[in-house]
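One structure below.
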Amino acid sequence: MPDCLVICNITDAMHQRLAPAFTLHFLREIEDFDTWAAEHGSKVEAVCTDGHLGVPAHVLDALPNLKVASSYGVGYDAIDTEACVARGIKVSHTPDVLNGEVANTTLMLLLTCLRNFRHDEAYARSGDWEAKGNAPLSRSPDGLRYGILGMGRIGQEIARRLEVFGGKILYHTRSEKDVPYEYVPVLKDMARRADVLICITPGGPATEKLVDAAVLEELGPNGLLINVSRGSVVDEAALIAALEAGTLGMAGLDVFEREPHIPDALKASDRTVLLPHVGSATLETRAAMGNLTVDNLLQWLEDGSPKTPVPECAHM
Ligand code: NAP
Ligand code: 8YV
């Protein structure tokens with residue numbers, strides 16, 4: 001049986017399917033990685049990881065015969081695909097099975113912000129309703145202008161759900177898509193025209209700080225930023241400054257620059273709703289992602305090709 005290094009936490013279901021096919025090594029159980037790698041590193045042909053941990057450079061370097069890296073998540077910015085392709089390592093991820101769930105999370109985050117449910121829940125629970133009267137009014141999602149940054153698998157699922165609000169849906173990507181929404185070639189222009197800006201691009205250098213101080217300024221004092229992509233896509237310092245100055249209305253965030261760290265300024269602000277990167281985190285969706293992560297490794301065992309390689313590895 002080939003050896004597989006498991007970098008991330010895996011579920012029992014994943015473990016049960018992997019154990020008969022691979023000799024499993026768990027990174028979290030290895031006390032001294034260098035000593036372990038000197039003895040076992042050359043035997044390892046597969047790794048199982050996730051979108052947060054990726055494959056750290058020192059791990060990649062210590063596995064000279066690595067052939068496949070299966071990641072439990074769709075975003076793979078934590079994996080150096082260029083280095084993997086150069087070494088002939090096939091990288092796979094879990095597209096599509098989480099589209100609906102991440103879109104659901106996005107809408108819930110958006111509605112929680114607009115309708116001020118964080119405040120209202122505390123108001124009801126604390127007895128303030130009885131003591132002080134009705135809670136303040138909030139904003140309707142109906143008829144707003146929604147700007148979506150990223151119109152891929154998940155962006156399109158978010159757009160479809162937003163249609164029920166009967167507003168205008170704009171999007172910005174590098175290339176125009178075949179979708180029934182208005183393409184806006186310049187991000188700043190879209191931010192100026194939108195009430196809500198939703199980020200759902202991949203992370204990595206190509207999207208780093210795409211949402212900067214200038215974009216946030218265009219979104220404006222009544223604007224709402226929703227980030228469910230990666231923390232790196234938004235300039236967090238500029239976001240904090242805009243929220244503190246009141247030049248941006250509000251932010252709903254599922255992702256952060258240095259996860260799991262969340263800056264105190266974002267935690268203290270009453271203009272934020274914060275989630276601990278739970279876009280896909282339901283039992284059902286994580287089971288589907290876990291199955292696909294394992295399918296990728298098992299299919300690689302069978303015919304040398306994972307089922308859902310990342311685009312950079314599709315030709316290999
Ligand atoms: P996808 O199908 O590859 O779509 C990505 C979209 O982003 C495409 O429309 C792409 O269009 C656009 N894009 C890429 N680079 C861009 C750039 N520099 N400027 C503007 N647009 C750009 O990916 P997906 O499956 O929808 O997933 C998107 C991302 O969501 C993942 O990579 C991950 O980071 C994030 N995610 C987060 C969670 C969570 O739990 N919060 C869960 C799942 C996924 P162009 O190529 O034409 O630019
Ligand atoms: C996961 C995600 O939380 O799929 C992604 O890109 O961000 C989330 O679904 C993450 O990958 C950890 O596995």
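Observations
- Leading residue by the ranking (farthest from ARG118 (Cα to Cα)) among those in segment 265-281 that are open to solvent by less than 40 Å² (accessible area, probe 1.4 Å) and within 16 Å of ligand 2 (Cβ to nearest atom): SER280
- Among the residues listed as LEU187, LEU210, LEU149, LEU137, the single one being within 24 Å of GLY246 (Cα to Cα), near ligand 1 (Cβ under 9 Å from one of its atoms) and open to solvent by 50 Å² or more (accessible area, probe 1.4 Å): LEU210
- Only listed residue being modelled with pLDDT of 95 or more, among the basic types (Lys, Arg) and not in a helix (DSSP H, G or I), chosen from ARG125, ARG139: ARG139
- Residue match in segment 165-188 (condition: assigned to a strand (DSSP E or B) and of a type in the set (Asp, Glu)): yes
- Residue match in segment 2-22 (condition: assigned by TED's automatic domain parsing to the domain that holds GLN299 and within 16 Å of ligand 1 (Cβ to nearest atom)): yes
- Residue count for segment 282-315 under the criterion of being open to solvent by 60 Å² or more (accessible area, probe 1.4 Å) and either touching a residue at least 60 places away in the same chain (Cβ under 8 Å) or in contact with a Gly (Cβ under 6 Å, 6 or more places away or on another chain) (or both): the result is 6.
- Scanning segment 77-92 for residues that are outside any helix (DSSP H, G or I) and open to solvent by 50 Å² or more (accessible area, probe 1.4 Å) yields a count of 3.
- Index of the failed condition, ALA206 passing every other in (1) in a helix (DSSP H, G or I); (2) more than 28 Å from ALA78 (Cα to Cα): (2)
- Which numbered condition GLU257 fails, given (1) within 16 Å of ligand 2 (Cβ to nearest atom); (2) part of a helix (DSSP H, G or I): (2)
- In segment 277-309, residue farthest from CYS48 (Cα to Cα) [restricted to those that are in a helix (DSSP H, G or I) and within 12 Å of ligand 1 (Cβ to nearest atom)]: THR285
- Among (1) within 16 Å of ligand 1 (Cβ to nearest atom); (2) part of a loop (DSSP other than H, G, I, E, B); (3) out of contact with any strand residue (DSSP E or B) (no Cβ under 8 Å at 6 or more places or on another chain); (4) not hydrophobic (A, V, I, L, M, F, W, C), the one test that THR105 misses: (2)
- Taking the criterion of being over 19 Å from THR207 (Cβ atoms), of a type outside the set (Gly, Ala, Ser) and in contact with a Leu (Cβ under 9 Å, 6 or more places away or on another chain), the residues of segment 75-99 that qualify are CYS84, ARG87, ILE89, THR94, ASP96, VAL97.
- Any hit, segment 225-244, residues being outside the structural domain of PRO141 (by TED's automatic domain parsing), within 15 Å of ligand 2 (Cβ to nearest atom), open to solvent by 40 Å² or more (accessible area, probe 1.4 Å) and out of contact with any Pro (no Cβ under 6 Å at 6 or more places or on another chain): no
- Taking segment 57-74 as the range and being open to solvent by 20 Å² or more (accessible area, probe 1.4 Å), closer than 23 Å to THR207 by Cα and touching a residue at least 40 places away in the same chain (Cβ under 8 Å) as the test, the residues that pass are TYR72, VAL74.
- Flag if SER92 is polar (S, T, N, Q), away from ligand 1 (no atom under 11 Å from the Cβ) and within 23 Å of LEU219 (Cα to Cα): no
The values are calculated or read from the model by the stated rules, or taken from the named source; none is laboratory data. Keep in mind that what you see is a predicted model, and the values were worked out from it rather than measured. So basically every Cβ, Gly included, is an ideal-geometry build from the backbone, and we count neighbours across all protein chains shown. Areas reflect the complete protein model, heavy atoms only, side chains present, ligands, DNA and RNA absent. Shrake-Rupley method; radii C 1.70, N 1.55, O 1.52, S 1.80 Å.
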